[in-house]
Amino acid sequence: MTQGLSSRWRTMEVQVESGTRRSQQETLDMVRTGYQTAIDMIDQRCAKHPEDWKTLALAGSLLSDWGDFEYYQQLAGDTSTDRMAVFREKNNLAEAHFVRAAEAYAGQVDKLTPRQFSIDVYLAWFHSLLGINSDGRLNLSKPLDRRALNTLRDALRKLPEPVVQPHINLLAKHVQARLDDTENPLHEELKYKYLAGSLVITKESPFAFQAGDKVAYYDDLLDETRLTTRVDGPSTIQRDHEFGIIFSVQHTEALGRMADFGKYLVNELPPANSPARKSIEKSLVPTYRMGELQGRRDELEMNIREALGLFFDVRAIAFSPKDVQPRPSDRSGWEETILAYIQVKAKDASVDKIPRIQMSLEFLDLTGPVRITTESAETMIKVTDQPTPPRPYDRVDITQTLDPRSLDTSDEVLLEIQATACGLVPELESLLDLD
C-alpha cells in the first residue's frame with residue numbers, strides 16, 4: 001500500500017492505461033481513502049501490539065507523505081479543503097505516531113545487543129521533518145520545524161543512559177555516509193538543512209565533526225550577508241494607503257563578487273556544463289515545491305508573496321535588472337544590492353510589522369552546489385488613522401495629452417495625464433494644481 005499510494009494510485013496515466021475511467025476527483029478520493037485505510041490498519045494492529053515500533057514509525061512516515069500529497073497534489077483541487085490546515089494536521093499526527101514509536105523502541109532497547117541497535121525510527125522521523133518522503137520524493141519547500149526536531153532529539157535522549165551515545169553515534173555515521181555518497185548525492189537544496197538539522201541531534205558525537213565543519217563553513221557565508229526590508233519613507237503609514245518596501249541584501253564586497261545576486265532576478269537555467277546545471281540534469285529524484293516555478297525569480301517572488309500575503313495586499317513587485325550594481329552601505333567593507341521594490345497595502349490597522357522573507361542563496365563547495373536559506377529580520381511599522389505626509393518620490397515625469405477634437409460639438413475636452421516616478425506615484429492632486 002505504501003508503494004502504491006506514492007506512485008500508481010495517484011498517477012492519472014496509470015488510471016487511463018488501466019481503463020478505470022476514474023476522474024481526477026475520484027482518483028483524489030481513492031488516494032485519500034487509501035491513506036486513511038492504511039493508518040486505520042496500523043492503529044488497529046498497534047492497539048493490540050503497542051510494542052510494534054516499526055509499524056508505528058511506518059504510520060508516521062505515511063502521515064507525513066499524506067500531508068505533503070494534500071498540499072502539493074496535482075490532481076483536481078478540492079476547493080473546500082484548506083490545504084495548509086490539512087498539511088499541519090497530518091504532520092501533527094505523524095509526530096504523535098513517531099513519539100509512540102520512539103517510546104516503544106525505548107521500552108525494548110535494554111533487551112538488545114549493540115549489534116541489534118536500530119536508528120530506523122529516528123531516521124524516519126528526521127526524514128519526515130526534512131521533507132524526504134518514504135518513496136524518496138523531496139518536498140523542497142517544507143520548512144524544518146525546529147520544535148519538532150528538538151522533540152526528536154529529546155526522544156532519543158530518553159533512551160536508557162548507557163545506550164544513548166551509541167545511538168547518537170549510529171545516526172552521525174549515517175549522516176556522514178550520506179554526505180560521502182557521490183553516486184546519489186544530497187540534493188543541493190537539502191544539503192545545508194540536512195547537515196544543520198542532524199547536528200541538533202548528533203553534535204556531541206565524534207563522528208559528526210565533518211558535518212560540523214561544513215555547517216560552520218556555510219554559517220560563515222551567511223554571516224557575510226544580511227537580507228533586509230525597510231519602508232520607503234516614514235514607518236508610520238496611514239490606514240488604507242499604499243506604501244513601498246525596499247527589499248535588499250547587504251553583503252561584504254568579496255561575497256557580492258562571488259554570489260552574483262543579479263541571477264536571482266531573472267528566470268534562467270545555470271550555464272551549460274556548470275556544476276549547478278549538471279546537478280539539475282543528473283537529479284533523478286522527483287521533487288516538488290509550493291507553486292509552479294520557472295526559475296530563481298519565480299521562487300523569490302513566491303517567497304515574498306507568501307511571507308507578506310497574511311498581513312498585506314501585495315499590489316506589485318518591481319525587481320531590479322539582472323545587471324544591478326551594489327551601492328556602498330554605512331558599514332565599512334559592506335555593500336547593498338537592491339533586489340526589489342514591493343508595493344503593498346496593510347490589510348487592517350492591527351498590522352505592526354513586515355514579516356521575515358526567505359531567500360535561497362547558491363554556493364559551491366567541494367561536493368558540488370549547495371543552496372542555503374537566509375531570511376530578513378522583522379521590520380516594525382505603525383498603521384494609523386491619522387493623515388500622514390505623502391510617500392517619498394522623485395524624478396517625476398509627467399506627460400499631458402490634450403484631445404481637442406470634441407470642441408466643435410461639446411464644451412468638454414479630454415486631458416490624459418501620465419506620470420512616472422522613482423517610488424510610488426502620488427495621487428493626482430499632489431502632482432498638479434487641478435484648478
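The values are calculated or read from the model by the stated rules, or taken from the named source; none is laboratory data. The shown structure was predicted, so the numbers you read here are calculated from the model rather than taken from an experiment. Cβ atoms come from the backbone with ideal geometry, glycine included; neighbour counts cover every protein chain shown. When the accessible area is computed, the model is the full protein with side chains, heavy atoms only, and any ligands, DNA or RNA have been set aside. Shrake-Rupley method; radii C 1.70, N 1.55, O 1.52, S 1.80 Å.
Structural remarks
- The residues in the range 247-262 that are more than 14 Å from A377 (Cβ to Cβ) and part of a strand (DSSP E or B) can be counted, and the count is 2.
- Residue pairs whose Cβ atoms lie under 9 Å apart, separated by 6 or more positions or on different chains, with the first residue in the range 36-57 and at pLDDT 95 or above and hydrophobic (A, V, I, L, M, F, W, C) and the second loosely packed, with under 14 Cβ neighbours inside 10 Å and in a helix (DSSP H, G or I), are W53/D120; A57/D120.
- Within the range 367-421, if we keep just the residues that are assigned to a loop (DSSP other than H, G, I, E, B) and aliphatic (A, V, I, L, M), the residue that is least open to solvent (accessible area, probe 1.4 Å) turns out to be I381.
- The lone exception for P185 - which of (1) modelled with pLDDT under 95; (2) assigned to a helix (DSSP H, G or I) it fails: (2)
- Enumeration of residues in the range 185-211 that are without any contact (Cβ under 8 Å) to a residue 60 or more places away in the chain, closer than 23 Å to T373 by Cβ and open to solvent by 50 Å² or more (accessible area, probe 1.4 Å): K203, Q210
- Considered as a group, the residues in the range 320-364 that are of a type in the set (D, E) and under 21 Å from T236 (Cβ atoms) include one that is surrounded by the fewest Cβ atoms within 10 Å (Cβ to Cβ), and that residue is D348.
- Residues of the range 234-271 classified as open to solvent by less than 50 Å² (accessible area, probe 1.4 Å), over 21 Å from the mean Cα position of the chain (by Cα) and not hydrophobic (A, V, I, L, M, F, W, C), total: 5
- Only one of A47, A96, A102, A85 that is buried (at least 18 other Cβ atoms within 10 Å of the Cβ), among the hydrophobic types (A, V, I, L, M, F, W, C) and in a helix (DSSP H, G or I): A102
- Exactly one residue out of R395, R371 is over 30 Å from N184 (Cβ atoms) and not hydroxyl-bearing (S, T, Y), and it is R395.
Each row is one residue, and each column tells you yes or no for (1) in a helix (DSSP H, G or I); (2) hydrophobic (A, V, I, L, M, F, W, C).
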| site | (1), (2) |
| --- | --- |
| L144 | no, yes |
| L149 | yes, yes |
| D154 | yes, no |
| P162 | yes, no |
| A172 | yes, yes |
| G197 | yes, no |
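- Qualifying residue in the range 162-180 (condition: under 17 Å from the mean Cα position of the chain (by Cα), modelled with pLDDT under 95 and open to solvent by 10 Å² or more (accessible area, probe 1.4 Å)): no
- The range 212-226 - residue that is without any contact (Cβ under 8 Å) to a residue 40 or more places away in the chain and under 13 Å from L179 (Cβ atoms) and, of those, surrounded by the most Cβ atoms within 10 Å (Cβ to Cβ): V215
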